[in-house]
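Heads up: the structure comes next, in structure tokens.
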Amino acid sequence: TGGPACTVVTDSPLLINELCGCAHLRVVSTGGELDHQLNLLGGALAIETIGKLNFSDAFVSAGGASLQHGATTAETEIVATLRVAKARAARTYLLVDAGKFLKVAPHTIAPLREFTAVITDGGLAKNARADLVAAGVNLLG
């Protein structure tokens with residue numbers, strides 16, 4: 001119908017600002033309370049908003065990733081938001097650089113096998129890559 005072909009839902013004020021000039025995208029803010037340290041919109045309002053939406057694809061990041069503990073974060077303020085986004089999406093992709101593997105943060109978002117794919121850079125050691133694939137993790141990158 002001539003409208004945007006893609007909708008981006010984000011809790012990031014920086015991303016919203018970056019996408020201001022992209023008329024081909026519909027940009028939706030989660031709303032919520034601004035966390036100045038993390039530069040994100042979070043809390044109950046953001047979780048409520050995300051919980052009312054349906055996503056074809058969700059892209060989430062984590063502070064750590066391991067087979068034993070899954071995708072983890074140290075940020076108490078965002079773990080619930082990430083879990084809700086994952087639950088509302090048909091497909092969820094975990095974005096983690098190789099340096100995050102084998103690091104464990106206090107809060108588990110989800111086991112790695114529960115993500116549609118884990119997207120990482122080329123710095124992951126071959127043996128770590130083999131272990132993830134052998135455990136059923138769909139690894140990209």
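The values are calculated or read from the model by the stated rules, or taken from the named source; none is laboratory data. Everything numeric here is computed off the predicted structure, so don't read it as measured data. Reconstructed Cβ throughout: ideal geometry from the backbone, glycine too, with neighbour counts over all protein chains shown. Surface accessibility is based on the protein's heavy atoms, side chains included, excluding ligands, DNA and RNA. Shrake-Rupley method; radii C 1.70, N 1.55, O 1.52, S 1.80 Å.
Here THR72 qualifies as touching a residue at least 12 places away in the same chain (Cβ under 8 Å), assigned to a strand (DSSP E or B), open to solvent by less than 50 Å² (accessible area, probe 1.4 Å) and closer than 30 Å to ARG129 by Cβ. Taking the conditions (1) in contact (Cβ under 8 Å) with a residue 12 or more places away in the chain; (2) of a type in the set (A, V, I, L, M); (3) at negative phi in turn, LEU19 satisfies each one other than (1).
Would a scan of the stretch 102-124 turn up a residue that is open to solvent by 40 Å² or more (accessible area, probe 1.4 Å), within 18 Å of THR7 (Cα to Cα) and touching a residue at least 12 places away in the same chain (Cβ under 8 Å)? Break it down into steps so the answer makes sense when it comes.
Applying the first criterion (open to solvent by 40 Å² or more (accessible area, probe 1.4 Å)) to the stretch 102-124 yields 102-104, 106-108, 111, 113-114, 116, 119, 121-123.
Next, from what is left, pick out any that are within 18 Å of THR7 (Cα to Cα): none.
Checked the stretch 102-124: no residue is open to solvent by 40 Å² or more (accessible area, probe 1.4 Å), within 18 Å of THR7 (Cα to Cα) and touching a residue at least 12 places away in the same chain (Cβ under 8 Å).
Identify, please: which residue in the stretch 75-114 is of a type in the set (D, E, K, R) and part of a loop (DSSP other than H, G, I, E, B) and is, among those, modelled with the lowest pLDDT? Spell out the reasoning first.
Of the residues in the stretch 75-114, the ones of a type in the set (D, E, K, R) are 75, 77, 83, 86, 88, 91, 97, 100, 103, 113-114.
Cutting the leftovers down to part of a loop (DSSP other than H, G, I, E, B) gives us 75, 88, 97, 103.
Working: GLU75: 91, ARG88: 98, ASP97: 96, LYS103: 94.
Checked the stretch 75-114; the qualifying residue modelled with the lowest pLDDT is GLU75.
Would you call ASP131 open to solvent by 60 Å² or more (accessible area, probe 1.4 Å) and assigned to a helix (DSSP H, G or I)? First the steps, then the outcome.
On the way: open to solvent by 60 Å² or more (accessible area, probe 1.4 Å): yes; assigned to a helix (DSSP H, G or I): yes.
Yes.
Please determine whether any residue of the stretch 25-37 is open to solvent by less than 90 Å² (accessible area, probe 1.4 Å), in contact (Cβ under 8 Å) with a residue 40 or more places away in the chain, among the hydrophobic types (A, V, I, L, M, F, W, C) and assigned to a strand (DSSP E or B). I'd like the intermediate steps shown before the answer.
Of all residues in the stretch 25-37, those open to solvent by less than 90 Å² (accessible area, probe 1.4 Å) come to 25, 27-32, 34-35.
Right, trim to in contact (Cβ under 8 Å) with a residue 40 or more places away in the chain and you get 30, 35.
From what is left, the residues that are among the hydrophobic types (A, V, I, L, M, F, W, C) are none.
Among the residues of the stretch 25-37, not one is open to solvent by less than 90 Å² (accessible area, probe 1.4 Å), in contact (Cβ under 8 Å) with a residue 40 or more places away in the chain, among the hydrophobic types (A, V, I, L, M, F, W, C) and assigned to a strand (DSSP E or B), which makes the answer no.
If you check GLY136, GLY42, GLY63 for being touching a residue at least 24 places away in the same chain (Cβ under 8 Å) and open to solvent by 30 Å² or more (accessible area, probe 1.4 Å), only one passes: GLY63. Consider the stretch 45-58 and keep the residues that are of a type in the set (Val, Ile, Thr) and within 15 Å of the chain's Cα centre (by Cα). The one that is least open to solvent (accessible area, probe 1.4 Å) is ILE50.
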